[in-house]
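Worksheet: one structure, shown below.
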Amino acid sequence: MPDRLIIKGGKKLSGEIDVRGSKNAATPMIAATLLAQKGVSRITNLPLIADVYKMIRLIESMGAKVEWEGEREITVDATDINPEKMDQKLVAQMRSSILTMGPLLARFGKLSIRHPGGCLIGARPIDTHLNGLRDLGVKIEVEEFGASQASDVAETKKAHMYHLEVGKKMNGNKIVLDEFSVTGTENMLMAASLAEGDTVLKIAAAEPHVQNLARFLNKMGADIEIDGTNSYKIKGKKKLKGADHEVIPDYLEAGTFMILGLAADGEISIKNVPVDHLELTISRLKKFGGNINFLDEKTVKIGNSDKLDIPKVQAMPYPGIPTDLQSPLGVLATQAEGLTLIHDPMYEGRLKYLEELNKMGAEIVMCDPHRAIINGPTELYGTKLDPLDLRSGAALIIAGVIAKGTTIIRDVSQADRGYEEIENRLRKLGVDVRRIKD
């Protein structure tokens, strides 16, 4: 049985909390180290979370030498790796495993890989990745096999193995992605860095962690033009080498803590906030009535808010409101005056956490898989909750913090994937929370 969190809610919050390194920046950087034919890469400010540990284990399964040089610092020597030794069971457990596609194909020209696992937030096909790789000259065959041959794949009747192969070298090309896919963009940036000739990548994601990856690749010897827009120009290089780079602070974690403070109507200070990455989110929270002040350029103070009014929350690609903050904002909407429309056009399963909030006494009507209407404010009452994905895990923890009575989060492993030692950090803010290990 997974670990559980027991939260006794309704307590006033106060104190300080630090923002740690970004999960979504760390995992592609670890994958990018596979591009280095020589030299050692050093990654600092790593968050100590499950997805990071799994990604390290994945590259180690292929022969990469990983050393911990400090609490949040590793070195990676990927000089002598063999993609055929990849642990396919690990691939099937995490979505970020797909980020090994680009670097391994670019370096070795051939790869077989399982369909990646990940959050249960709806259909998550990898067509954007595959179509982009085809544009670079990759030939792809898809093998389908039954669950009896893939017993480690939960809740699926069939699994897929992708066999990818390129000729002598990938060829640079103009790539128009099917959607603003973050991991699709990251895979194309890594693959095109070793392609023959120039690549122009359009309809690309511009999230801060994507740009952070591009800067790391440039330190490795790549030539990527970064201007903060949804387009990148990549000049292919023959070889890349190891480099040093720091993981950026997690703007999604910072936004989650801001929403926690507003929902709990406490007074907390959040340190190490990448304010530039949250401009629209902070602006909207203030317009909703949130009491948000800056103590310095990296420290945000959340104070008591008289009244919250949230007419609409719509998730959008960066620099819009992130889909990863939509779930915490849904919890906040239960404490706001009047009706709130929640609209997440990206994933049809992202709103399933709202069914859990209804168990707590929220008044929420599901319009369709992408839209819901929340009527507030409502008092939430503790109960047993089941998060389905990383961000709903964080949202339901916030709900437990503000609810009356005791809330049991029955699978905290979802939140553990992206939030480091969440119960210990919340306890410093005055939250009555404990973990039960089984």
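Values quoted throughout were computed directly from the atomic coordinates according to the rules given, and no laboratory measurement underlies them. Just so we're clear, the structure is a prediction, and the values are computed from it rather than from any experiment. Glycine also receives a Cβ, built like all others from the backbone with ideal geometry; neighbour counts cover every protein chain displayed.
One table, with the values for the structure above:
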read-out: As computed over region 21-88, the Cα convex hull volume per residue (Å³); value: 71 Å³
read-out: Between region 1-44 and region 373-414, the alpha-carbon center distance in angstrom; value: 21 Å
read-out: Of LYS85/LYS219; LYS23/LYS238; LYS11/LYS301; LYS110/LYS241, those spanning more than 25 Å from alpha-carbon to alpha-carbon; value: LYS85/LYS219; LYS23/LYS238
read-out: Antiparallel bridges, percent of DSSP beta bridges restricted to the chain (to nearest 5); value: 75 percent
read-out: Projected label distance in nm at MET316 and LYS110, using a 7 Å step from Cα toward the beta-carbon; value: 4.7 nm
read-out: Measure of compaction for region 283-338 (Cα Rg per 2.2 N^0.38 Å); value: 1.18
read-out: Theoretical gain in end-to-end length, GLU71 to SER413 [0.36 nm per residue, Cα-Cα removed]; value: 121.0 nm
read-out: Percent antiparallel among DSSP beta bridges (both partners in region 23-246, rounded to 5); value: 75 percent
read-out: Over region 234-376 - Rg/Rh using Cα atoms and the Kirkwood inverse-distance radius; value: 1.07
read-out: Sorted peptide list for 254-260, 386-392, criterion being average Cβ within 10 angstrom, highest first; value: 254-260, 386-392
read-out: Angle between the chain longest axis and helix 208-219 axis [Cα atoms, degrees, rounded to 10]; value: 30 degrees
read-out: Protection proxy ranking, peptides 265-278, 307-320, 60-73, 203-216, average beta carbon neighbours within 10 Å, highest first; value: 203-216, 265-278, 307-320, 60-73
read-out: Tilt relative to the chain, helix 323-333 - C-alpha long axis, 0 to 90 degrees, to 10; value: 0 degrees
read-out: P(r) histogram, all alpha-carbon pairs of region 71-144 included - 5 Å bins from 0, percent; value: 3, 12, 23, 24, 19, 11, 5, 2, 0
read-out: Per-q log10 I(q)/I(0), region 186-270, q = 0.18 Å⁻¹ (Debye; single scatterer per alpha-carbon; no solvent); value: -0.75
read-out: For VAL313, distant residues with modelled amide H under 5 Å away; value: LEU341, ILE342, HIS343
read-out: Separation of the GLU279 and GLU84 label points, Cα + 7 Å toward Cβ, nm; value: 5.1 nm
read-out: Geometric extent, Cα atoms of region 16-138 - Rg, Dmax (angstrom); value: 14.7, 51
read-out: Calculated diffusion of the chain, Stokes-Einstein form, Kirkwood radius summed over Cα pairs, 25 °C and 0.890 mPa s, µm²/s; value: 110 µm²/s
read-out: Square roots of 5 times each gyration tensor eigenvalue, C-alpha, region 23-246, largest first, Å; value: 24, 21, 17
read-out: Rg/Rh ratio calculated on Cα atoms of region 301-438 (Kirkwood radius); value: 0.95
read-out: Order by protection proxy (mean Cβ within 10 Å, highest first), peptides 103-115, 220-232; value: 103-115, 220-232
